[in-house]
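These notes concern the structure reproduced below.
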Amino acid sequence: MREYIIKRILQMIPTVLVITLVVFAMMQAIPGDPIITLLGDAYDEEDAEELRKEYGLDKPVVVQYFVWLGKLVRGDWGESILSSREILTDVLIRLPVTIELIILAMIVALLIAVPAGIIAAVRQNTWGDYTAMSTAMIGISVPDFFLGV
């Protein structure tokens, strides 16, 4: 059991690295220059260059990735442009409500899924079974962003 856990943890490392690489690549693929967006109407080339140096956007993309990854590991997620607070602080402020929503959603899902599963198991090949299975398939097939609305 111990070897299995160690093996799974070691397998998790490349997975997390690939996920961070994909997230970073997606952030880089956003069209437009973030400095122009940040400065808005007050855009000045000298100010833009200064901000690029401050945010490290003047460095090669590979260097930017490793700097970003190092800060991510240390818990330095940067400062929010909107609230001027640390992003980690903003996340921690919203975490209790997020956990509450997760718990409530799981309770609702279990209150629906367990009875439907029991009906489907006890009354196989009946309208109850087919209804429960069809509803489950539709629930799994509908994208989360659509179902959430």
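Note on segment 88-102: residues that are over 17 Å from Asp144 (Cα atoms), surrounded by 10 or more Cβ atoms within 10 Å (Cβ to Cβ) and among the β-branched types (Val, Ile, Thr) total 4. Could you please let me know if Arg85 is surrounded by 11 or more Cβ atoms within 10 Å (Cβ to Cβ), within 30 Å of Pro34 (Cα to Cα) and over 17 Å from the mean Cα position of the chain (by Cα)? For Arg85, the condition - surrounded by 11 or more Cβ atoms within 10 Å (Cβ to Cβ), within 30 Å of Pro34 (Cα to Cα) and over 17 Å from the mean Cα position of the chain (by Cα) - is met. In this entry, Phe66 passes the filter for residues that are out of contact with any Leu (no Cβ under 9 Å at 6 or more places or on another chain) and among the hydrophobic types (A, V, I, L, M, F, W, C). For segment 73-80, indicate whether the set of residues that are touching a helix residue (DSSP H, G or I) at 6+ places or on another chain (Cβ under 6 Å), of a type in the set (Ser, Thr, Tyr) and closer than 26 Å to Val18 by Cα is non-empty. Checked against the condition, which is being touching a helix residue (DSSP H, G or I) at 6+ places or on another chain (Cβ under 6 Å), of a type in the set (Ser, Thr, Tyr) and closer than 26 Å to Val18 by Cα, segment 73-80 yields at least one hit.
Within segment 78-89, can you find the residues that are part of a loop (DSSP other than H, G, I, E, B) and of a type outside the set (Gly, Ala, Ser)? Passing the criteria: Ile81, Leu82, Arg85.
All told, Val67 meets the bar of being β-branched (Val, Ile, Thr), in the same structural domain as Ile19 (by the TED database) and surrounded by 10 or more Cβ atoms within 10 Å (Cβ to Cβ).
The criterion of at least 1 residues that are out of contact with any Ser or Thr (no Cβ under 9 Å at 6 or more places or on another chain) and aromatic (Phe, Trp, Tyr) is met, among helices (runs of 4 or more DSSP H) falling completely within segment 13-77, by 45-55, 61-74.
The values are calculated or read from the model by the stated rules, or taken from the named source; none is laboratory data. Keep in mind that what you see is a predicted model, and the values were worked out from it rather than measured. Don't worry about glycine lacking a Cβ; one is built from the backbone with ideal geometry, like all the others, and counts go over all protein chains shown.
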